[in-house]
Amino acid sequence: MTLGSTVSADHCTPADMIAFLAGLPLISRPIIAKWFRQNPKTEAKADSSPVTIADRSVETKLRVAIMQRFPADTISGEEFGPDDISDSSKGATSSYRWIIDPIDGTKAFISGKPAFGTLVGLLHNDLPVAGLVDLPVLDECYIGLNGFGAAITAQLNGKLIIPNGQTELANARLATTSPRALSPARLVDFDRLADEVAVTNYGGDCHNYALLAAGHIDLVMEDSLAAHDIMAVAALMQAAGATVTDLAGQPIRNGHSTDILAAATSQLHQAALSVISQTR
């Protein structure tokens, strides 16, 4: 596959960016398919989270593809941090940063469950402006441009998507990956929120955010996240028209945000924020 050559994302049109992001699964999916349900050796990282050869191989290949196309941009990733694979950030002059999560939901991946994805986010001055959320087993490729090149659009397999417009907590569908991923204080907040909604879902990792962007889930609350967990999904949901902040109601920003509250509408977001802020 030829991905072309451009110095930085700043020289890329919205249409070219969509095409570039849509091409990345051609790199990541074959690697994931090779190892999915093959019980690859799993190692524990310093934070006790699992990692496999698939995670590392996907990130390595995606870094190379991004570096070749946008050599002036910086790159960070879950498995190798900043600049451990390429020299893309050494002497970089661009205000754009790429953030990669090669397999968001490695626990699901090593358990043979299909709801995991590859995340590639693009930041401009630390704000998420574009994102890829690719669910390879489900063949769902979500792409969002959140102001990149002044474009705002969200797609699933090339078709436009929007949230469903839910405004009432009592009718909302809420999701989080796991109560064990929430801090004790935030678990109290989540349980209070769960008492107010119609449906509460557990599991899903990045798929929850994609389903919110596409109109199937109305609220997602998560805690204790890293930038690679947040940036691509935030860009996608905002591009679709959702309201996305941290749990204090502040904008998502690299280096600051470690939790997230996403809602289909601003009214629903405000209602949820009011519930989880009751004791703060």
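Kindly indicate whether residue 151 is of a type in the set (A, V, I, L, M) and out of contact with any Pro (no Cβ under 8 Å at 6 or more places or on another chain).
no
Filter region 17-46 down to the residues that are under 15 Å from residue 104 (Cβ atoms) and part of a loop (DSSP other than H, G, I, E, B), then identify the one that is nearest to the chain's Cα centre (by Cα).
So the residue we want is 24.
Yes or no: region 219-240 includes at least one residue that is in the same structural domain as residue 257 (by TED's automatic domain parsing), closer than 15 Å to residue 268 by Cβ and assigned to a loop (DSSP other than H, G, I, E, B).
Looking through region 219-240, none of the residues is in the same structural domain as residue 257 (by TED's automatic domain parsing), closer than 15 Å to residue 268 by Cβ and assigned to a loop (DSSP other than H, G, I, E, B).
Can you name the strands (runs of 3 or more DSSP E) wholly within region 108-149 that have at least 3 residues being out of contact with any Asp or Glu (no Cβ under 9 Å at 6 or more places or on another chain)? First the steps, then the outcome.
Values: elements: 117-124, 127-135, 140-146.
The qualifying strands (runs of 3 or more DSSP E) are 127-135, 140-146.
Just to be sure I understand, how many residues within region 90-130 are out of contact with any Phe, Trp or Tyr (no Cβ under 8 Å at 6 or more places or on another chain) and surrounded by 22 or more Cβ atoms within 10 Å (Cβ to Cβ)?
Of the residues in region 90-130, the ones out of contact with any Phe, Trp or Tyr (no Cβ under 8 Å at 6 or more places or on another chain) are 90-93, 95, 97, 99-102, 107, 110-111, 113-115, 117-119, 125-128.
Pick out the ones that are also surrounded by 22 or more Cβ atoms within 10 Å (Cβ to Cβ) and you get 97, 99-102, 110, 117-119, 128.
Result for region 90-130: 10.
Here are the criteria: (1) modelled with pLDDT under 95; (2) assigned to a loop (DSSP other than H, G, I, E, B). Tell me which single one residue 185 does not satisfy.
Exception for residue 185: condition (2).
Within region 188-218, can you find the residues that are touching a strand residue (DSSP E or B) at 6+ places or on another chain (Cβ under 9 Å), within 24 Å of residue 159 (Cα to Cα) and outside any helix (DSSP H, G or I)?
204, 205, 214, 216, 217, 218
What are the residues in region 211-269 that are among the acidic types (Asp, Glu) and within 16 Å of residue 122 (Cα to Cα), if any? Write out each step before concluding.
Initial filter on region 211-269 (among the acidic types (Asp, Glu)): 218, 222-223, 229, 246, 259.
Correct list: 229 only.
Report, by residue number, each residue of region 10-54 that is among the aliphatic types (A, V, I, L, M), over 21 Å from residue 80 (Cα atoms) and touching a Phe, Trp or Tyr at 6+ places or on another chain (Cβ under 7 Å).
Of everything in region 10-54, just one residue is among the aliphatic types (A, V, I, L, M), over 21 Å from residue 80 (Cα atoms) and touching a Phe, Trp or Tyr at 6+ places or on another chain (Cβ under 7 Å), namely 17.
Whether any residue in region 98-106 is under 14 Å from residue 71 (Cβ atoms), modelled with pLDDT of 95 or more and within 21 Å of the chain's Cα centre (by Cα) is what I want to check.
First, pick out the residues of region 98-106 that are under 14 Å from residue 71 (Cβ atoms): 98.
Next, from what is left, pick out any that are modelled with pLDDT of 95 or more: 98.
Those left that are additionally within 21 Å of the chain's Cα centre (by Cα): 98.
For region 98-106, residues under 14 Å from residue 71 (Cβ atoms), modelled with pLDDT of 95 or more and within 21 Å of the chain's Cα centre (by Cα): present.
Considering only residues that are over 18 Å from residue 108 (Cβ atoms) and of a type in the set (S, T, N, Q), which ones fall in region 180-228?
183, 200
Pull up region 190-224, narrow it to residues that are within 15 Å of the chain's Cα centre (by Cα) and of a type in the set (S, T, N, Q), then point me to the one that is surrounded by the most Cβ atoms within 10 Å (Cβ to Cβ).
Out of the qualifying residues, it is 208.
If you check every pair at least six apart or on different chains, which have Cβ atoms under 6 Å apart with a residue in region 171-182 that is farther than 13 Å from residue 205 by Cα first and a residue that is of a type in the set (Val, Ile, Thr) and surrounded by fewer than 15 Cβ atoms within 10 Å (Cβ to Cβ) second?
173/199
Scan region 162-170 and tell me whether some residue there is in contact with a strand residue (DSSP E or B) (Cβ under 6 Å, 6 or more places away or on another chain) and either buried (at least 18 other Cβ atoms within 10 Å of the Cβ) or assigned to a loop (DSSP other than H, G, I, E, B) (or both). Please lay out each step first, then the result.
So the first thing to find is which residues in region 162-170 are in contact with a strand residue (DSSP E or B) (Cβ under 6 Å, 6 or more places away or on another chain), and the list is none.
No: region 162-170 contains no residue that is in contact with a strand residue (DSSP E or B) (Cβ under 6 Å, 6 or more places away or on another chain) and either buried (at least 18 other Cβ atoms within 10 Å of the Cβ) or assigned to a loop (DSSP other than H, G, I, E, B) (or both).
Scan region 252-260 and give yes if some residue there is surrounded by 20 or more Cβ atoms within 10 Å (Cβ to Cβ), of a type outside the set (Phe, Trp, Tyr), in contact (Cβ under 8 Å) with a residue 60 or more places away in the chain and assigned to a helix (DSSP H, G or I), otherwise no.
Checking region 252-260: not a single residue is surrounded by 20 or more Cβ atoms within 10 Å (Cβ to Cβ), of a type outside the set (Phe, Trp, Tyr), in contact (Cβ under 8 Å) with a residue 60 or more places away in the chain and assigned to a helix (DSSP H, G or I).
The values are calculated or read from the model by the stated rules, or taken from the named source; none is laboratory data. Predicted model only: the values in this text are computed from it and were never measured. Virtual Cβ from ideal backbone geometry, glycine too; neighbours counted across all protein chains shown.
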